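**Student:** Shown below is the structure under consideration.
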Protein chains: 2
Amino acid sequence: MNRQQLIHNIQKKKSVLCVGLDTDIQKIPAHLRDHEDPIFAFNKEIVDSTADFAVAYKPNIAFYEAEGTKGWESLHKIITYLRENYPDIFLIADAKRGDIGNTAERYAQTFYHTYQFHSVTLSPYMGKDSIEPFLRDQDKWAIVLGLTSNQGALDVQMLSLGKTYNNQHIYQKVMQTVASWGTTANTMFVVGATNSEQLADIRSQFPEHFFLIPGVGAQGGDLNEVLHHTFVKNEGLVLINSSRGILYAANDQNFAMAARKEAQKLQEVMSTFF
Amino acid sequence: MNRQQLIHNIQKKKSVLCVGLDTDIQKIPAHLRDHEDPIFAFNKEIVDSTADFAVAYKPNIAFYEAEGTKGWESLHKIITYLRENYPDIFLIADAKRGDIGNTAERYAQTFYHTYQFHSVTLSPYMGKDSIEPFLRDQDKWAIVLGLTSNQGALDVQMLSLGKTYNNQHIYQKVMQTVASWGTTANTMFVVGATNSEQLADIRSQFPEHFFLIPGVGAQGGDLNEVLHHTFVKNEGLVLINSSRGILYAANDQNFAMAARKEAQKLQEVMSTFF
């Protein structure tokens, strides 16, 4: 999916909502557990009930990997289902991959071709040759970690680089470097949502890049404030993720309707920014 | 596998050889391609022909993921085969994972329990909560990226941190921080093999940690020189990986014997350091 198509969908739905499919077999409602593929059954209902309000879905690959080959089959089924029934939806593999060139090519093949995602989240620690294979395919996107919203962001990303680099934090230098490898049509950044000053600062440095922002909901970011600092008038240029707040809004027969209400609530806040 | 057992196997075999199973279906000999599981058939012959000289095997997960669920089945089969037939072999999932705490727990579950590896390679960019879930299991190891041997190492790892941190490179500070989270009995580092001064320097800073050293062979490191700078008398405390040089030593009916000869050649060099 190209930038223009993604922005068009955002404008059409007045939404920048990304639903994170961190589907935990332990947490899905009891009545679905006898289904032959409970993870797919759950995801399908979540997708069908929230797609009116979302522009992107983001399976967290760890949750599928942990179930072995069955998990990968569930993943393949939900991606196929999304592509066939909701062709306007942007699909993100939340995989945080990062390895040398010939290995990165394999990961690109996996997520862009075997599983037909539009984009993959990536870790920048190994540098250009670990990212570049994800920038070669038409209308596919590398979504590279910039600043994350977890406590561990302080350990590496927030270290200061000293005078040679104008006392920048590591994440700032990393984002500048990564931005120079691709374009605003094939590179996005993961930008955490715990500190609004930082968000505003990052947006001012990268006015035209899409940001994937996790951490609204369970991870503690306030949606209005996050949008205030990052939303770009008309085009949006953010994808705001919510996972647990939507998936587990209820834990009974009504989980899909509860998820829909949560998604709608978020979209209503988002719509005021257009 | 605990530190004592691993060192015991190293001493017994006079070897620190790790065979990287970066098995590329395009590169395996033609006569194996009609096998119902060509990747497993190839790996099994490689393992059987090289296990006399190796102490560790390291499947590169990208190569299995790219084949979809079939690839994960092949991976599961070779790990089961290794555990049942070569219980002394140390098993490394070369996965370079790194994500927030609840997701890292899933990845640990995947590689430690679903697939029964002894260890996983990890990226440190997201900090402590992305590594810590891999340090909780008895006799399991987190193998964290320090300095890598690819060109892209210059982009992030080699940046200087300035005076506040004594002009350390990022990778040095990262390794110090990571070392403080675990012990020398559950933490190893990936240390690249392109610059021997750096290797010697890293060894002097981390005299008791195991290093996983890729890059001997196809990636250009010279084995003797690498061992000279990193091998610790008697215990070894390195695992030196070779992938393509062994796997694709020949491309015909004799590939397994050719792989055996390559592995033996490397082990003979290694044996002189004991």
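**Student:** Scan segment A:170-210 residue by residue and report those that are within 14 Å of chain B (Cβ to nearest Cβ) and either among the β-branched types (Val, Ile, Thr) or in contact with a strand residue (DSSP E or B) (Cβ under 6 Å, 6 or more places away or on another chain) (or both).
**Tutor:** Correct list: A:170, A:171, A:174, A:175, A:177, A:178, A:189, A:190, A:191, A:192, A:193, A:194.
**Student:** Restricting attention to segment B:133-160, which residues are touching a helix residue (DSSP H, G or I) at 6+ places or on another chain (Cβ under 7 Å) and hydroxyl-bearing (Ser, Thr, Tyr)?
**Tutor:** B:160
**Student:** Starting from residues that are under 21 Å from residue B:158 (Cα atoms) and either over 21 Å from the mean Cα position of the chain (by Cα) or free of Cβ contacts under 8 Å to residues at least 24 places away in the same chain (or both), keep the ones in segment A:129-152 and report whichever is nearest to the other protein chains (Cβ to nearest Cβ).
**Tutor:** Checked segment A:129-152; the qualifying residue nearest to the other protein chains (Cβ to nearest Cβ) is A:152.
**Student:** Hey, another quick one. Is it the case, given these coordinates, that residue B:42 is of a type outside the set (Gly, Ala, Ser), within 16 Å of residue B:247 (Cβ to Cβ) and either within 16 Å of the chain's Cα centre (by Cα) or surrounded by fewer than 22 Cβ atoms within 10 Å (Cβ to Cβ) (or both)?
**Tutor:** In short, no.
**Student:** Determine whether segment B:182-201 contains at least one residue that is farther than 19 Å from residue B:230 by Cα and of a type in the set (Phe, Trp, Tyr).
**Tutor:** Scanning segment B:182-201 turns up no residue that is farther than 19 Å from residue B:230 by Cα and of a type in the set (Phe, Trp, Tyr).
**Student:** What are the pairs with Cβ atoms under 7 angstrom where one residue, in segment A:156-172, is at positive phi and the other, located anywhere, is assigned to a helix (DSSP H, G or I) and surrounded by 15 or more Cβ atoms within 10 Å (Cβ to Cβ)? Sequence gap at least six, or different chains.
**Tutor:** No pair meets every condition.
A quick yes/no check of all residues on (1) polar (S, T, N, Q); (2) closer than 17 Å to residue A:60 by Cα; (3) buried (at least 22 other Cβ atoms within 10 Å of the Cβ); (4) out of contact with any helix residue (DSSP H, G or I) (no Cβ under 9 Å at 6 or more places or on another chain):
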residue	(1), (2), (3), (4)
B:50	yes, no, yes, no
B:83	no, no, no, yes
B:104	no, yes, yes, no
B:110	yes, yes, yes, no
B:118	no, no, yes, no
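**Student:** Then there is this: Of everything in segment B:52-97 that's under 19 Å from residue A:99 (Cα atoms) and hydroxyl-bearing (Ser, Thr, Tyr), which residue is farthest from the other protein chains (Cβ to nearest Cβ)?
**Tutor:** Taking the candidates together, the pick is B:57.
**Student:** Residue under question is residue A:24, and the condition is that it be under 18 Å from the mean Cα position of the chain (by Cα) and farther than 26 Å from residue A:142 by Cβ; does it hold?
**Tutor:** Yes: the conditions hold for residue A:24.
**Student:** Residue B:155 passes all but one of (1) over 25 Å from residue B:183 (Cα atoms); (2) within 19 Å of the chain's Cα centre (by Cα); (3) at the interface with another protein chain (Cβ under 10 Å from one of its Cβ atoms); (4) at pLDDT 95 or above; which number fails?
**Tutor:** (2)
**Student:** Another one. Within segment A:144-156, work out how many residues are touching a Phe, Trp or Tyr at 6+ places or on another chain (Cβ under 7 Å) and under 30 Å from residue A:89 (Cβ atoms).
**Tutor:** Qualifying residue count, segment A:144-156: 4.
**Student:** Let me ask you something else. Counting just the residues of segment B:161-196 that are of a type in the set (Val, Ile, Thr) and outside any helix (DSSP H, G or I), which one comes out modelled with the lowest pLDDT?
**Tutor:** Filtering segment B:161-196 for residues that are of a type in the set (Val, Ile, Thr) and outside any helix (DSSP H, G or I), the one modelled with the lowest pLDDT comes out as B:194.
The values are calculated or read from the model by the stated rules, or taken from the named source; none is laboratory data. In this text the structure is predicted, and so the values were computed from the model without any measurement. Cβ atoms come from the backbone with ideal geometry, glycine included; neighbour counts cover every protein chain shown.
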